[in-house]
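Student: Below is one structure. I have some questions about it.
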Amino acid sequence: MGLRRVQVMLTRLHISSFIGLTIAVWLVALWIQGMPVLSVSFIKPFGIVVGTISVVVTLFNKYAWAWPIFRGWYVNRPDMRGTWEVELRSSWINPETDEEIAPITAYAVVRQTLGNFSLRLMTQESRPILIAHSIEHEQDGLFKLAGIYRNEPRIELQGVRSEIHHGAFALEIHGSPVESLEGHYWTDRQTKGAIKLFNRKDQLYDTFEMAKSAQGRNGT
């Protein structure tokens, strides 16, 4: 299942507007209180200030948000970046054997910034598309990742063994730093199952074959 989230980023225009509004309110407040208002030269460094803050915001959004020094008190968001090994246990019954299928090994790659999150589950048979997702902070302190997806099996499997379907999932996020994600999924085909993400690697892979090959090289 591929996860995606609409990215919310502060642009240079946004930052300029906020800084400009702050300066304007500050000057008006000084004027109302009868204090001397600074001259036009006061706003000459405006471009430098905007540029500096833009760089800081960009670097923080991409990298610094995940630094341990900010965890908990300044950024309350779990860092799940990397490629995970995945175990799927499905309740689906094979009509040929009338038995449940064996656990499926897959891989999931997570790309994440402070304002953006994407997760792609890579299997040999399908490429689901995320419809919506959220990362929630539960009352007991745990985080939970939930989503709704549309699963599109490879074309040669449609009409033979697997059809396009929709589903949802909910995963508890364990550890700080994150060590595993565990939970369940269910689909409109009346199937359900368990999901576990574990054995995270820092490298990011784009296909099932690449991730499987890398895990093999690492001895897992």
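Student: Residues of region 46-59 being at pLDDT below 80 and surrounded by 11 or more Cβ atoms within 10 Å (Cβ to Cβ), which ones?
Tutor: 46, 49, 50
Student: Go over the candidates 165, 137, 184 one by one and state the one that is within 25 Å of residue 75 (Cα to Cα) and not hydroxyl-bearing (Ser, Thr, Tyr). Walk me through it before giving the result.
Tutor: Details: 165 fails: within 25 Å of residue 75 (Cα to Cα); 184 fails: within 25 Å of residue 75 (Cα to Cα).
Every option except 137 fails the conditions.
Student: Also: Can you work out which of the residues in region 129-176 that are in contact with an Asp or Glu (Cβ under 6 Å, 6 or more places away or on another chain) and under 21 Å from residue 200 (Cα atoms) is surrounded by the fewest Cβ atoms within 10 Å (Cβ to Cβ)?
Tutor: Of everything passing the filter in region 129-176, 142 is surrounded by the fewest Cβ atoms within 10 Å (Cβ to Cβ).
Student: What residue, among those in region 135-163 that are more than 15 Å from the chain's Cα centre (by Cα) and part of a strand (DSSP E or B), is farthest from residue 120 (Cα to Cα)?
Tutor: Per the stated criteria, the residue is 153.
Student: In region 164-178, is there at least one residue being small (Gly, Ala, Ser), assigned to a loop (DSSP other than H, G, I, E, B) and free of Cβ contacts under 8 Å to residues at least 24 places away in the same chain? Give the steps one after another, and end with the answer.
Tutor: From region 164-178, those small (Gly, Ala, Ser) are 167-168, 170, 175-176; that's our starting set.
Restricting the remaining residues to those that are assigned to a loop (DSSP other than H, G, I, E, B) gives 175-176.
This time we only want the ones that are free of Cβ contacts under 8 Å to residues at least 24 places away in the same chain, so: 175.
Yes, there is a match, as at least one residue in region 164-178 is small (Gly, Ala, Ser), assigned to a loop (DSSP other than H, G, I, E, B) and free of Cβ contacts under 8 Å to residues at least 24 places away in the same chain.
Student: Can residue 92 be described as among the aromatic types (Phe, Trp, Tyr), at pLDDT 90 or above and either surrounded by 16 or more Cβ atoms within 10 Å (Cβ to Cβ) or not assigned by TED's automatic domain parsing to the domain that holds residue 18 (or both)? Step through it out loud before you land on a result.
Tutor: Working: among the aromatic types (Phe, Trp, Tyr): yes; at pLDDT 90 or above: no; either surrounded by 16 or more Cβ atoms within 10 Å (Cβ to Cβ) or not assigned by TED's automatic domain parsing to the domain that holds residue 18 (or both): yes.
Here the answer is no, as residue 92 does not meet what is asked.
Student: Tell me the residue from 205, 149 that is in the same structural domain as residue 99 (by TED's automatic domain parsing), touching a residue at least 12 places away in the same chain (Cβ under 8 Å), of a type in the set (Phe, Trp, Tyr) and in contact with a helix residue (DSSP H, G or I) (Cβ under 7 Å, 6 or more places away or on another chain), please.
Tutor: It is 205.
Student: When you look at residue 189, is it loosely packed, with under 15 Cβ neighbours inside 10 Å, touching a strand residue (DSSP E or B) at 6+ places or on another chain (Cβ under 9 Å) and farther than 27 Å from residue 67 by Cβ, yes or no? Write out each step before concluding.
Tutor: Details: loosely packed, with under 15 Cβ neighbours inside 10 Å: yes; touching a strand residue (DSSP E or B) at 6+ places or on another chain (Cβ under 9 Å): yes; farther than 27 Å from residue 67 by Cβ: yes.
Yes; evaluated as a whole, the condition is true for this residue.
Student: Taking region 107-130, which residues are at pLDDT 85 or above and closer than 13 Å to residue 154 by Cα?
Tutor: Matches in region 107-130: 122, 123.
Student: Any residue at all in region 89-104 that is out of contact with any Gly (no Cβ under 9 Å at 6 or more places or on another chain), touching a residue at least 24 places away in the same chain (Cβ under 8 Å) and farther than 20 Å from residue 188 by Cβ?
Tutor: No, every residue in region 89-104 fails to be out of contact with any Gly (no Cβ under 9 Å at 6 or more places or on another chain), touching a residue at least 24 places away in the same chain (Cβ under 8 Å) and farther than 20 Å from residue 188 by Cβ.
Student: Then there is this: Can you pull out the residues in region 79-115 that are in contact with a Lys or Arg (Cβ under 6 Å, 6 or more places away or on another chain) and not acidic (Asp, Glu)?
Tutor: Looking only at region 79-115, we keep the residues that are in contact with a Lys or Arg (Cβ under 6 Å, 6 or more places away or on another chain), and these are 82-84, 87, 91, 103, 109-110, 112-113.
Within region 79-115, 82, 83, 84, 91, 103, 109, 110, 112, 113 meet the criteria.
Student: Also: Please indicate, with yes or no, whether at least one residue in region 178-196 is assigned by TED's automatic domain parsing to the domain that holds residue 94, closer than 30 Å to residue 57 by Cβ and not acidic (Asp, Glu).
Tutor: yes
The values are calculated or read from the model by the stated rules, or taken from the named source; none is laboratory data. Since this is a predicted model, take the numbers as computed values, not measurements. As a convention, Cβ positions derive from the backbone with ideal geometry for all residues, glycine included, and neighbour counts pool all protein chains shown.
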